[in-house]
There are 6 protein chains.
Amino acid sequence: MNANAVPPAIELIPGNTLITKTPEEGRALAVKIARLIVKSTQTNPAVREKLRAVYEQDAGMIIALTQTVAIEFATIAAANNYWK
Amino acid sequence: MNANAVPPAIELIPGNTLITKTPEEGRALAVKIARLIVKSTQTNPAVREKLRAVYEQDAGMIIALTQTVAIEFATIAAANNYWK
Amino acid sequence: MNANAVPPAIELIPGNTLITKTPEEGRALAVKIARLIVKSTQTNPAVREKLRAVYEQDAGMIIALTQTVAIEFATIAAANNYWK
Amino acid sequence: MNANAVPPAIELIPGNTLITKTPEEGRALAVKIARLIVKSTQTNPAVREKLRAVYEQDAGMIIALTQTVAIEFATIAAANNYWK
Amino acid sequence: MNANAVPPAIELIPGNTLITKTPEEGRALAVKIARLIVKSTQTNPAVREKLRAVYEQDAGMIIALTQTVAIEFATIAAANNYWK
Amino acid sequence: MNANAVPPAIELIPGNTLITKTPEEGRALAVKIARLIVKSTQTNPAVREKLRAVYEQDAGMIIALTQTVAIEFATIAAANNYWK
């Protein structure tokens, strides 16, 4: 058991489970855990606000974000056996 | 069960299932769910229209988008056991 | 069954199957389905021609394209049980 | 057994296991092992401090970092059978 | 069986199999098939020579190439059941 | 058996196996095989030295490198059944 991975101050997996009732909720979780990495990387809310203003106007950055969500969703979908 | 993943206002997985009848429909779903992440990230339709005008003229951004679709499709294809 | 994923005007998976006879044909399919995402994103043939002129002279974009093909091929190879 | 892979001076997998008690700890481990690659690539703490000041103000870099964490987490989640 | 995936003029999977004797040969195949996508995208040898001169002096592009090889290798390694 | 994949002059998988004793050694192998792709792409040691001086001062490039390592590690971890 890995005892070195002390959870940080910011909660990274809300609910502490990858299991969701539906694909829709799984997708929402994928978006959420991606955003929490942003939050734990840039902990200053004012700076995050500025960064958000940048990337939500930048097509390239939004596309990069869709890649992140796609990768997170792959993990969550597998965890839920694709809700089959 | 993850109760924290409250579905957002924008529907992220239309039909709320990854199961499709054919690869063609699975591919269309991959494109659709990628676009819905763009939509939920940039909720202003006028800004989205501007961003679309940018990326559809930008080879690098379109290629980045093909990466996103490829990753989403991998998940959907696995969910459907590759339609075998 | 996801009924929301109506196939678009442009065919995205030619032949509507991921199953191919050989790795070579699977690889060709990976390239093809990646290109069809470009086509369905930028539907104007004249603009696509211009974009192609850009990326085929740009090492960075070609490398990004090889990433896309690699991801698509992973899915197709798994679908075919690696042609074993 | 691969005897060539001599562990470097910097510990890369703290605790030397991918097994964690919870998804939260698995996520923290994903962040940690990604950061240790940065550390082992740029071993000078002063330079790392400067680089951190750059990327934590750069939306594109933070998004790229979320991709790394997503990939690492996929591995850790699979190793833990998704904590099911 | 997908009959639409007609193999192109350039051979994309030399030997038409993903099975190799060793990890070393599997790795070499990963590099090779990535390069063949470059070749089939930019069919002019003189232009390819120029592009190569660019990317082999560009750290960012070489790193992007290592991502491609890593993805291709994942597929080949799985196809060979990791040479176990 | 793929006989076309002749191993190049530079050894790509040191030890010619993906099996390692521990996650730590597996991680070190992931870093090593990524670097060997850089080496086989840019075979001139002096140029590699220059490139290294560039990317180890560039946060974006280091983050891209962490993506490569994450992908390689996913393969090595799977090959070792996650050292379970």
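The values are calculated or read from the model by the stated rules, or taken from the named source; none is laboratory data. Every value quoted in this text rests on a predicted model; they were computed, and no experiment measured them. For neighbour counting, all protein chains shown are included, and Cβ atoms are generated from backbone atoms with ideal geometry for every residue, glycine included. Heavy atoms of the whole protein, side chains included, go into the accessibility calculation; ligands, DNA and RNA do not. Shrake-Rupley method; radii C 1.70, N 1.55, O 1.52, S 1.80 Å.
To the nearest whole number, what is the average tally of beta carbon atoms from other chains within 10 Å of the beta carbons of peptide D:32-43? Please report the intermediate quantities before stating the final value.
Working: counts 5, 7, 6, 2, 3, 13, 6, 1, 4, 10, 6, 1.
The mean count of partner-chain Cβ atoms within 10 Å per residue comes to 5.
Place +1 on the Cβ of every Lys and Arg and -1 on the Cβ of every Asp and Glu in segment D:21-83, take the dipole about the Cα centre, and give the residue among D:Gly26, D:Leu51, D:Ala79 whose Cα lies farthest towards its positive end.
It is D:Leu51, whose Cα lies furthest towards the positive end.
Any idea what the relative contact order of chain E is, in percent, if you count C-alpha pairs under 8 Å spaced at least 6 apart?
Relative contact order comes out at 42 percent.
With a 1.4 Å probe and all protein chains left in place, how much of the accessible area of segment F:20-83 comes from carbon and sulfur atoms, in whole percent?
C and S fraction of accessible area: 54 percent.
What ratio of Cα Rg to 2.2 N^0.38 Å holds for the protein assembly as shown? Spell out each step's value before the answer.
Details: Rg = 21.3 Å, N = 504, 2.2 N^0.38 = 23.4 Å.
With N residues counted in the protein assembly as shown, Rg over 2.2 N^0.38 Å equals 0.91.
Given +1 on the Cβ of Lys and Arg, -1 on the Cβ of Asp and Glu, and no further charges, what dipole in debye does chain F carry about its Cα centre, rounded to the nearest 20?
On the way: 9 positive and 7 negative charges, 15 e Å.
Charge dipole of chain F: 80 debye, to the nearest 20.
May I ask you to order F:17-30, A:60-73 by the average number of other C-beta atoms within 10 Å around their residues, highest value first? Intermediate results must be reported in sequence, preceding the final value.
Values: F:17-30: 23.1, A:60-73: 25.2.
By packing density, highest mean first, the sequence is A:60-73, F:17-30.
Kindly report, to the nearest 10 Å², the accessible surface of F:Trp83 as traced by a 1.4 Å probe over protein heavy atoms only.
Accessible surface of F:Trp83 is approximately 50 Å².
In whole Å, what is the distance between the alpha-carbon centres of segment C:6-84 and segment E:7-64?
Using only Cα atoms to place each centre, the spacing works out to 16 Å.
Using 7 Å Cα-to-Cβ label points, what is the D:Ile10/B:Thr22 separation (nm, one decimal)?
5.1 nm
Could you name every residue in segment B:67-82 that has 10 Å² or more less accessible surface in the full protein assembly than in its own chain alone (probe 1.4 Å, ligands and nucleic acids excluded)?
B:Gln67, B:Thr68, B:Val69, B:Ala70, B:Ile71, B:Glu72, B:Phe73, B:Ala74, B:Thr75, B:Ala78, B:Ala79, B:Tyr82
Find the sum over both chains of the accessible area lost when D and A are paired, probe 1.4 Å, and report it in Å² to the nearest 100.
Details: alone 6350 and 6350 Å², together 9590 Å².
Summing both sides, the interface buries roughly 3100 Å².
Could you tell me what fraction of 2.2 N^0.38 Å the Cα radius of gyration of chain C comes to, as a two-decimal ratio? Could you put the intermediate results ahead of the total?
Values: Rg = 14.4 Å, N = 84, 2.2 N^0.38 = 11.8 Å.
Against the empirical 2.2 N^0.38 Å value, I get 1.22 for chain C.
Please get the size of the charge dipole for the protein assembly as shown, origin at its Cα centre, with Cβ charges of +1 on Lys and Arg and -1 on Asp and Glu, quoted in debye to the nearest 20. Intermediate values should be presented prior to the final figure.
Details: 54 positive and 42 negative charges, 56 e Å.
Dipole size: approximately 280 debye.
As a check on your grasp of the helix formula, calculate [θ] at 222 nm for chain F: sum -39500 (n - 2.57) over DSSP H runs of n ≥ 4, divide by the residue count, round to the nearest 500. Let's see the in-between values first.
Values: 3 runs with 51 residues, N = 84.
Helix-only estimate at 222 nm: -20500 deg cm²/dmol.
Kindly sort F:Glu56, F:Glu49, F:Glu11 by accessible area of their heavy atoms, largest first, with the probe set to 1.4 Å.
Working: F:Glu56 45, F:Glu49 120, F:Glu11 100 Å².
The most accessible residue leads, giving F:Glu49, F:Glu11, F:Glu56.
Check segment F:11-84 and count each lysine pair with an alpha-carbon distance under 21 angstrom, considering only pairs eight or more places apart or from different chains.
4
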